[in-house]
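Everything below concerns the one structure shown next.
The values are calculated or read from the model by the stated rules, or taken from the named source; none is laboratory data. If you're wondering where the values come from, they're calculated on a predicted model, not measured in any experiment. Methodologically, a virtual Cβ is constructed for each residue, glycine included, from the backbone with ideal geometry; neighbour enumeration extends over all protein chains shown.
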Amino acid sequence: MTLRRLCTFVVALVACALSCLAQNSIEAINEIKLSGKYFTAEATAESVDEAKNIAFSYLKENIVNYCEEMEIEEVGEDKIMANLQQKSVNRGDAVMVLVYVVKTIVEKKETMTFHPNTSVNTNTNNNNTNTAPVLGSANWPDIIKKVCDVSSFVQLQYLLDMAMDNNLIDSWGKYNSMRNQTECYLVMMNVDRQIVAVLSPAKNGARTDVKTGMVVDSEGMTSFKNCAPICVRVK
């Protein structure tokens with residue numbers, strides 16, 4: 001092998017290795033973001049330190065907003081820094097940094113009582129006008145009825161994390177990250193990250209709106225075209 005061919009081979013080998021490392025970093029970042037286990041934030045800048053500082057400010061803001069909405073004690077900056085993890089990947093002449101901390105960093109306020117996911121008939125007669133809206137006339141798991149009581153993504157996230165801790169659901173996540181979506185409940189989120197519907201697993205090509213009992217077929221799903229579905233797989 002001539003020297004020129006050897007140099008070409010070495011350059012190609014290094015380029016291939018760097019490409020594999022970058023791909024592995026991207027896959028690891030996506031796995032962290034989709035896992036639902038972390039508070040995350042990211043930023044792109046000319047240097048790692050600059051991107052990290054920007055991302056860290058976003059992360060603090062995310063955690064503060066979460067604590068405020070859930071009415072739980074705020075997490076100090078020192079505690080966030082002590083638990084901070086990061087990953088980075090080059091983007092041309094810049095670098096993208098993802099910073100993240102586990103969600104257990106916040107002190108959860110146990111305000112909800114969970115029961116086994118046995119079906120309970122929700123179509124009861126109740127003359128109390130101050131109660132929550134009656135769910136559709138069907139039997140739904142307890143956790144799904146609680147999902148119907150929340151209105152925002154932050155509240156949903158908190159609820160589903162607690163459900164995972166209590167072993168009530170198998171998994172949850174964005175639609176494209178879940179397998180066998182037809183077997184999942186769909187929590188429909190609008191562009192303002194507000195919950196507009198909770199749909200049952202598909203049966204004969206249609207889903208049922210848990211709150212109203214109305215059947216939503218493929219044509220009816222077009223009314224949710226601007227919504228992002230969150231999948232929930234109940235055990």
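Evaluate the following for V196: is it more than 28 Å from V102 (Cβ to Cβ), modelled with pLDDT of 90 or more and either assigned to a loop (DSSP other than H, G, I, E, B) or out of contact with any Lys or Arg (no Cβ under 7 Å at 6 or more places or on another chain) (or both)?
Here the answer is yes, as V196 does meet what is asked.
From the set of residues in the range 61-104 that are charged (D, E, K, R), within 18 Å of I32 (Cβ to Cβ) and within 20 Å of the chain's Cα centre (by Cα), which is modelled with the highest pLDDT?
Step by step, filter the range 61-104, then rank; the result is K87.
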